[in-house]
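Enquirer: One structure, pasted below without further comment.
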Amino acid sequence: MSTPTPTPVSPAAPEAPDQPVPYDLIELFFFAYRDFVGDPDRILADYGFGRAHHRVLHFVQRRPGLTIAELLDILQITKQSLNRVLKELVETGFVEQRPGTRDKRQRKLHATAAGRELAVRLAELQARRIGRALEAAGPETAPIITRYLAGLIDPAARRSVMAHLAGST
């Protein structure tokens with residue numbers, strides 16, 4: 001008895017979008033992101049670090065005493081992914097872990113002086129790029145750009161992101 005030959009399945013055609021695909025904006029976003037992270041990437045490479053290190057260091061520096069659970073919630077990554085990056089940042093002296101004041105099992109994260117210096121150096125590079133873009137667009141566009149970027153965030157996460165930002169200022 002022979003085995004029947006499977007019939008090739010053609011992928012279903014995607015539903016037609018309600019609006020034309022804004023390829024120009026999608027590609028601008030890719031290029032903007034490439035350059036926005038490219039400046040810090042070059043500096044991070046000198047330390048053997050990557051973008052994951054940058055994200056962890058950024059939030060730890062901005063929120064001294066952040067717990068690992070809070071950082072996992074912000075970054076939306078697995079504990080395993082965070083542990084590898086955090087271990088490297090601790091071992092190289094950019095981040096330190098301190099026990100919680102009430103619960104000694106809790107680990108509070110703090111940037112060291114070297115960690116703060118690197119995080120600020122990277123943020124200043126990105127701030128200059130943002131500043132040039134806002135200057136070109138007109139400073140009055142900042143609230144519009146903020147609403148636009150917030151609109152790109154998954155609606156289920158938007159409220160917590162905006163609350164996080166409100167607590168950072």
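The values are calculated or read from the model by the stated rules, or taken from the named source; none is laboratory data. Because the structure is predicted, anything quoted here is derived from the model rather than measured. Reconstructed Cβ throughout: ideal geometry from the backbone, glycine too, with neighbour counts over all protein chains shown. Ligands, DNA and RNA are excluded from the accessible area calculation, which covers all protein heavy atoms including side chains. Shrake-Rupley method; radii C 1.70, N 1.55, O 1.52, S 1.80 Å.
Enquirer: Scan the chain and note any complete DSSP helix (H) whose C-alpha atoms cover at least 27 Å along its axis and whose Kyte-Doolittle average is -0.5 or more.
Expert: Passing helices, by number: 23-46, 113-137.
Enquirer: Using Cα pairs under 8 angstrom and six or more residues apart, how large is the relative contact order of the range 16-169, in percent?
Expert: It comes to 21 percent, rounded to a whole number.
Enquirer: Can I ask one more? Which whole-number value in Å² is the accessible area per residue of the range 65-104, probe 1.4 Å?
Expert: 66 Å²
Enquirer: Now for a separate question. Measure out, as a whole number of angstrom, how far apart the alpha-carbon centroids of the range 41-58 and the range 115-155 sit.
Expert: Centre-to-centre distance over Cα atoms comes out at 19 Å.
Enquirer: Taking the chain as a Gaussian network, Cα atoms linked when under 10 Å apart, which of ILE74, ILE145, ILE43 shows the biggest mean-square fluctuation?
Expert: For the chain, modelled as a Gaussian network with Cα springs under 10 Å, the answer is ILE145.
Enquirer: Farthest toward the dipole's positive end in the chain, which of LEU25, THR112, LEU72, given Cβ charges of +1 (Lys, Arg) and -1 (Asp, Glu) about the Cα centre?
Expert: THR112
Enquirer: Using a 1.4 angstrom probe on heavy atoms only, work out the carbon and sulfur share of the accessible area of the range 31-127 in %.
Expert: It is 50 percent, rounded to a whole number.
Enquirer: Explain nothing, just the number: dipole magnitude of the chain about its Cα centre with +1 on each Lys and Arg Cβ and -1 on each Asp and Glu Cβ, in debye rounded to the nearest 20.
Expert: It works out to roughly 960 debye.
Enquirer: Hey, what number do you get for the chain at 222 nm if only DSSP H runs of n ≥ 4 count, each worth -39500 (n - 2.57), divided across all residues, to the nearest 500?
Expert: -21000 deg cm²/dmol
Enquirer: Sticking with this structure for a sec: Under a Cβ-only charge scheme (Lys and Arg +1, Asp and Glu -1), can you give me the dipole magnitude of the range 68-124 about the Cα centre, in debye to the nearest 20?
Expert: Roughly 320 debye for the range 68-124.
Enquirer: For a quick check, take a GNM of the chain with Cα springs below 10 Å and name the residue from THR146, THR112, THR67 with the largest mean-square fluctuation.
Expert: Among THR146, THR112, THR67, the largest GNM mean-square fluctuation belongs to THR146.
Enquirer: A further question on this structure: Could you identify which residue out of ALA52, ALA137, ALA127 has the top mean-square fluctuation in a GNM of the chain using Cα springs shorter than 10 Å?
Expert: Judging by the Gaussian network model, the answer is ALA137.
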